[in-house]
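The values are calculated or read from the model by the stated rules, or taken from the named source; none is laboratory data. In this text the structure is predicted, and so the values were computed from the model without any measurement. Backbone-built Cβ (ideal geometry, glycine too); neighbour counts: all protein chains shown.
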Amino acid sequence: MTILIKSVLVMMLSLIISICIGILIIPMLKKLKASQRLSIYLQDKHKGKVGTPTMGGLIFILPTILVMLFMYLYNKIELNTTIIIVMFTFLAYSLIGFIDDFLIIKRKNNNGLSESSKFILQVVVAIIFFYLFMLSGNEPLLWVHTLGIKLDIGFLYGLFILLVLVASSNAVNITDGLDGLAGSLSFIAFLTLGIISYNTGWLEGYEEVALFCFSISGSLIGFLMFNLNPAKVFMGDTGSLALGATMGSIAILTRHELLLVLIGIVFVIETLTCIIQRVYYKFTHKRLFLMTPIHHSFEKKGYNERDIVKIFCLVGILSSMFALIFGVIL
């Protein structure tokens with residue numbers, strides 16, 4: 001079975017299963033009143049979203065796991081350290097996000113895991129990641145393909161892994177503020193990472209990583225059926241943390257960490273605006289932007305939510321096209 005047929009198969013199965021899970025799980029989440037409180041700064045714009053259930057990340061997490069398990073049981077993919085690392089990161093950050101969402105729902109406020117608790121869990125994941133990474137024979141290299149730079153940084157590579165995972169997971173989490181925004185951008189990113197992964201033939205398990213990317217892409221299409229404006233469910237930290245960290249893990253394994261910045265340029269911009277706003281306010285006691293992340297500034301200026309998502313996705317598509325040209329052809 002060729003990679004093309006396998007890719008279509010995993011996307012199709014993931015799409016179908018995610019829609020079925022969405023139909024089943026959303027009424028359950030509503031019954032459990034699994035909704036998140038809205039920020040007081042957004043209640044005027046988002047008052048119609050009150051009561052919308054969260055934890056919708058399960059709609060694309062479960063299908064991806066099931067489809068990859070199906071492909072393995074039917075000998076369509078092989079089990080190797082590379083795909084184990086990707087799946088471990090995906091599941092570990094899903095669990096961290098799930099705990100965070102669960103605590104928010106249980107406490108009926110927006111106080112989930114404390115920052116210190118969340119960071120400790122992320123450190124544990126990074127340590128296991130680094131152990132598996134080194135166990136599989138990988139070298140702790142900062143590798144810039146285009147410039148031909150290879151720097152062996154030893155145990156510091158573990159800190160680098162932590163930085164990439166934390167930064168990428170938080171970036172998607174920050175971007176998840178408008179209906180369909182984080183889901184659409186993640187679909188574009190994983191589709192791009194899948195193509196790039198398939199072109200890293202030197203990497204053990206590169207085909208499995210590519211198929212994982214295509215599987216989660218299919219699952220995200222199914223999720224967007226319920227998440228596009230007006231959203232029937234939000235992905236919550238359960239989904240956003242898992243998506244971001246998994247993007248980071250694939251970028252690390254395929255040695256395209258810097259390319260991830262281009263693939264996820266919207267995530268990067270959203271995060272930078274938050275950092276800039278905080279620093280600027282600290283020194284001037286004034287706000288540089290109307291509100292951060294930057295998509296809320298557009299809302300404050302009167303832009304329609306759907307139009308903002310369209311514009312941001314267009315930027316994501318164009319940047320991913322550049323990433324493919326840069327990462328595959330050049």
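Within the stretch 80-100, being farther than 17 Å from Phe119 by Cα and in contact (Cβ under 8 Å) with a residue 60 or more places away in the chain holds for Asn80, Thr81, Thr82, Ile83, Ile85, Val86, Met87. Residues that are surrounded by fewer than 19 Cβ atoms within 10 Å (Cβ to Cβ) and either of a type in the set (Gly, Ala, Ser) or over 23 Å from Gly244 (Cα atoms) (or both) do not occur anywhere in the stretch 85-103.
Candidates in the stretch 156-206 are the residues that are among the acidic types (Asp, Glu) and in contact with a Ser or Thr (Cβ under 8 Å, 6 or more places away or on another chain); of these, the one that is farthest from Leu258 (Cα to Cα) is Asp176. State yes or no: is Ser117 loosely packed, with under 15 Cβ neighbours inside 10 Å and either touching a Lys or Arg at 6+ places or on another chain (Cβ under 7 Å) or in a helix (DSSP H, G or I) (or both)? Yes.
Number of residues in the stretch 188-216 that are out of contact with any Asp or Glu (no Cβ under 8 Å at 6 or more places or on another chain), surrounded by fewer than 23 Cβ atoms within 10 Å (Cβ to Cβ) and more than 27 Å from Val309 (Cα to Cα): the value is 8.
A Cβ distance below 6 Å, combined with a sequence gap of six or more or placement on separate chains, defines the contacts here; from the stretch 181-197, residues that are polar (S, T, N, Q) reach residues that are not in a helix (DSSP H, G or I) in the pairs Ser197/Thr254.
Okay, residues lined up against (1) outside any helix (DSSP H, G or I); (2) more than 23 Å from the chain's Cα centre (by Cα); (3) modelled with pLDDT under 90:
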| residue | (1), (2), (3) |
| --- | --- |
| Ile5 | no, yes, no |
| Ser14 | no, no, no |
| Leu29 | no, no, no |
| Gln43 | yes, yes, yes |
| Gly48 | no, yes, yes |
| Tyr72 | no, yes, no |
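From the list Ala182, Ala231, Ala251, Ala245, the one residue that fits, being within 14 Å of the chain's Cα centre (by Cα), of a type in the set (Gly, Ala, Ser) and under 19 Å from Asp307 (Cα atoms), is Ala182. Leu132 satisfies every condition listed in (1) part of a strand (DSSP E or B); (2) farther than 24 Å from Val268 by Cβ; (3) not polar (S, T, N, Q) except (1). Residues in the stretch 215-264 that are part of a helix (DSSP H, G or I), farther than 22 Å from Leu13 by Cβ, in contact (Cβ under 8 Å) with a residue 40 or more places away in the chain and of a type in the set (A, V, I, L, M): Leu241, Ala245, Ala251, Ile252, Leu253, Leu258, Leu259, Leu260, Leu262, Ile263.
Considering each of Ile85, Ile104 in turn, give the residue that is outside any strand (DSSP E or B) and more than 28 Å from Ser7 (Cβ to Cβ). Let's see the steps before the verdict.
Working: Ile85 fails: more than 28 Å from Ser7 (Cβ to Cβ).
The unique qualifying residue is Ile104.
So which of Phe214, Phe226 ends up being touching a Gly at 6+ places or on another chain (Cβ under 6 Å), more than 21 Å from Ser7 (Cα to Cα) and at pLDDT 95 or above?
Values: Phe214 fails: more than 21 Å from Ser7 (Cα to Cα).
That would be Phe226, the only listed residue that is touching a Gly at 6+ places or on another chain (Cβ under 6 Å), more than 21 Å from Ser7 (Cα to Cα) and at pLDDT 95 or above.
Condition check for Val164 on (1) within 17 Å of the chain's Cα centre (by Cα); (2) closer than 18 Å to Leu203 by Cβ; (3) without any contact (Cβ under 8 Å) to a residue 60 or more places away in the chain: one failure, at (3). Tallying residues that are surrounded by fewer than 20 Cβ atoms within 10 Å (Cβ to Cβ) and not in a loop (DSSP other than H, G, I, E, B) within the stretch 282-297 yields 4.
Among the residues of the stretch 298-330, those that are loosely packed, with under 13 Cβ neighbours inside 10 Å and part of a loop (DSSP other than H, G, I, E, B) comprise Lys301, Gly302, Asn304, Leu330.
Is it the case that the stretch 287-294 has a residue that's closer than 24 Å to Gln122 by Cβ and modelled with pLDDT of 95 or more? Walk me through how you get there before you give the answer.
First pass over the stretch 287-294, keeping only residues closer than 24 Å to Gln122 by Cβ: 292-293.
When the remaining residues are screened for being modelled with pLDDT of 95 or more, the result is none.
There is no residue in the stretch 287-294 that is closer than 24 Å to Gln122 by Cβ and modelled with pLDDT of 95 or more.
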